[in-house]
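As structure tokens, the structure follows; a few thoughts come after it.
The values are calculated or read from the model by the stated rules, or taken from the named source; none is laboratory data. A quick note: this is a predicted structure, and the numbers were derived from the prediction, not measured. Here Cβ is always computed from backbone atoms with ideal geometry, including for glycine, and neighbour counts include all displayed protein chains.
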Amino acid sequence: MQKPKVIVILGETATGKSDLAVKIALRLRSGQAQGGEVISADSRQVYKNLDIGTGKITKREMLGVPHHLLDVANPKKVFTVAEYKKLAETKIKEIIARGKIPIICGGTGFYIDAITKGIVFPEVPPNLKLRKTLEKKPTQELFKILKQLDKTRAKNIDAKNKVRLVRAIEIAKTLGKVPAIAQTVPEYEFIKIGLFLPEKLLKEKISKRLLSRIKKGMLTEVKKLHKAGLSWKRMEELGLEYRFMALYLQNKITKQKMVEKLNSEIYRYAKRQMTWFKRDKEIKWFDASKKIDYNKFI
RNA sequence: GCGUCGGUGGUAGAGUGGUCAAUUACAACAGACUGUAAAUCUGUCGCCUUCGGGCUACGAAGGUUCGAAUCCUUCCCGACGCA
């Protein structure tokens, strides 16, 4: 039996993924399929009220195409890949059951791989208390602890990466050791479409988009979030727009510095996304500044 | 015009006779990533290299010295002070 098709639209930030997803969803209506529905794969758009800063698609822009996994989490709490995977897989099934084609769209490579590569996460939910105590310890010590718990994982882990060490210890403490990497065979045929922009255009797009976000009231959004109880610390953890706006609103940097920093940081983020995506040879790449003939791949 | 302080690698900014191609931070470039992923982390970062090393460098030109980014002289540039 042929596997059901799932379209994946990924790529650098600011390349117009959301628009393309909607376009494709609408285009699919004409065929035997009854159209498409979009599942976001964006680790920040899952949070409620992080709208302008994340460039979340608006109701209007959706043009009637259903969108999923937007606004499903409380920004005060950390949402994780594993949760994402569960939710997304359910959505995929539901959409297919409706006779439609799921379109996964987003720039979070890890989220996309979790689904398309069937990554199996160890059944160990985050233990906030444990993490808190572990985080206080120096990295070297954490590495020693992990070594005692699980030699194998210690061998492969990035010994200087605190976040990873903490998670590994967390798993090893409850499971006895960190299970070997496991992947399941995907139940779907994923069609991966990658969007990129040449450096110069990307930079232009990023800075233009940043200005327009500021104009749209991105700072007000952040002030509101903070008033609603979202700590500056959490805001900084959220990264990019939220991190630097938080720094600015705390008077730690000037507004000009904030804009400067954001322009370069967002560009660097785009490059980090590309390092991730480059490894995936299944992706068909398209220059977003040129007209894309999406009939070819759907 | 006189005086003082300063001019260091893409930037900021240490170094003040040898261990200095030069601490560090930022930028730049490359990469990792398995329940925080817009996060987190790593490597490279003057030029050449057979990876041993070689060459050119700390405003410019001279000089002192076995040896100078570091000391001296002159010049150029900047900041401040006095005129």
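Which members of the range A:118-172 meet the condition of being charged (D, E, K, R) and closer than 20 Å to residue A:79 by Cα?
Of the range A:118-172, the ones charged (D, E, K, R) are A:123, A:129, A:131-132, A:135-137, A:141, A:144, A:147, A:150-151, A:153, A:155, A:158, A:160, A:162, A:164, A:167, A:170.
Of everything in the range A:118-172, those that are charged (D, E, K, R) and closer than 20 Å to residue A:79 by Cα turn out to be A:123, A:129, A:131, A:132, A:135, A:162, A:164, A:167, A:170.
Counting only residues that are hydroxyl-bearing (Ser, Thr, Tyr) and crowded, with 16+ Cβ neighbours inside 10 Å, which one in the range A:268-293 is farthest from residue A:196 (Cα to Cα)? Break it down stepwise before answering.
Applying the first criterion (hydroxyl-bearing (Ser, Thr, Tyr)) to the range A:268-293 yields A:269, A:275, A:289.
Now narrow it down to the ones that are crowded, with 16+ Cβ neighbours inside 10 Å: A:269, A:289.
Values: A:269: 13, A:289: 8 Å.
Per the stated criteria, the residue is A:269.
Rundown of residues vs (1) closer than 30 Å to residue A:157 by Cβ; (2) surrounded by 12 or more Cβ atoms within 10 Å (Cβ to Cβ); (3) outside the structural domain of residue A:24 (by TED's automatic domain parsing), yes/no style:
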position: A:192; (1), (2), (3): yes, yes, no
position: A:205; (1), (2), (3): no, yes, yes
position: A:209; (1), (2), (3): no, yes, yes
position: A:215; (1), (2), (3): no, no, yes
position: A:219; (1), (2), (3): no, yes, yes
position: A:225; (1), (2), (3): no, yes, yes
position: A:233; (1), (2), (3): yes, no, yes
position: A:238; (1), (2), (3): yes, yes, yes
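hydroxyl-bearing (Ser, Thr, Tyr), within 16 Å of RNA strand B (Cβ to nearest atom) and more than 14 Å from the chain's Cα centre (by Cα), is that true of residue A:54? Break it down into steps so the answer makes sense when it comes.
On the way: hydroxyl-bearing (Ser, Thr, Tyr): yes; within 16 Å of RNA strand B (Cβ to nearest atom): yes; more than 14 Å from the chain's Cα centre (by Cα): no.
So residue A:54 fails the test.
Can you name every one of the helices (runs of 4 or more DSSP H) wholly within the range A:125-232 that holds 2 or more residues which are away from RNA strand B (no atom under 14 Å from the Cβ)?
Numbers: elements: A:128-136, A:139-149, A:151-156, A:162-175, A:199-215, A:218-227.
Qualifying helices (runs of 4 or more DSSP H): A:139-149, A:199-215, A:218-227.
Could you please let me know if residue A:55 is touching a helix residue (DSSP H, G or I) at 6+ places or on another chain (Cβ under 8 Å), outside any strand (DSSP E or B) and modelled with pLDDT under 95? Break it down stepwise before answering.
Values: touching a helix residue (DSSP H, G or I) at 6+ places or on another chain (Cβ under 8 Å): yes; outside any strand (DSSP E or B): yes; modelled with pLDDT under 95: yes.
So residue A:55 passes the test.
Could you list, in sequence order, the residues of the range A:195-232 that are within 26 Å of residue A:283 (Cβ to Cβ) and among the acidic types (Asp, Glu)?
If the condition is that a residue be within 26 Å of residue A:283 (Cβ to Cβ) and among the acidic types (Asp, Glu), then A:199, A:204 are the ones that fit.
In the range A:232-263, what residues are over 24 Å from residue A:49 (Cβ atoms) and modelled with pLDDT of 90 or more?
Step one: of the range A:232-263, the residues over 24 Å from residue A:49 (Cβ atoms) are A:254, A:256-257, A:260, A:263.
Within the range A:232-263, A:263 is the sole residue that qualifies.
Among the residues of the range A:99-116, are any surrounded by fewer than 17 Cβ atoms within 10 Å (Cβ to Cβ), outside the structural domain of residue A:266 (by TED's automatic domain parsing) and farther than 25 Å from residue A:163 by Cβ?
Of the range A:99-116, the ones surrounded by fewer than 17 Cβ atoms within 10 Å (Cβ to Cβ) are A:99, A:110.
From the residues that got through so far, the ones that are outside the structural domain of residue A:266 (by TED's automatic domain parsing) too are A:99, A:110.
This time we only want the ones that are farther than 25 Å from residue A:163 by Cβ, so: A:99.
The answer is yes; a qualifying residue exists.
What number of residues in the range A:192-241 are more than 30 Å from residue A:102 (Cα to Cα) and of a type in the set (Phe, Trp, Tyr)?
Number of matching residues: 1.
Please specify each residue of the range A:96-141 satisfying the condition of being touching a residue at least 12 places away in the same chain (Cβ under 8 Å) and aliphatic (A, V, I, L, M).
Passing the criteria: A:96, A:101, A:103, A:104, A:112, A:114, A:115, A:119, A:120, A:124, A:130, A:134.
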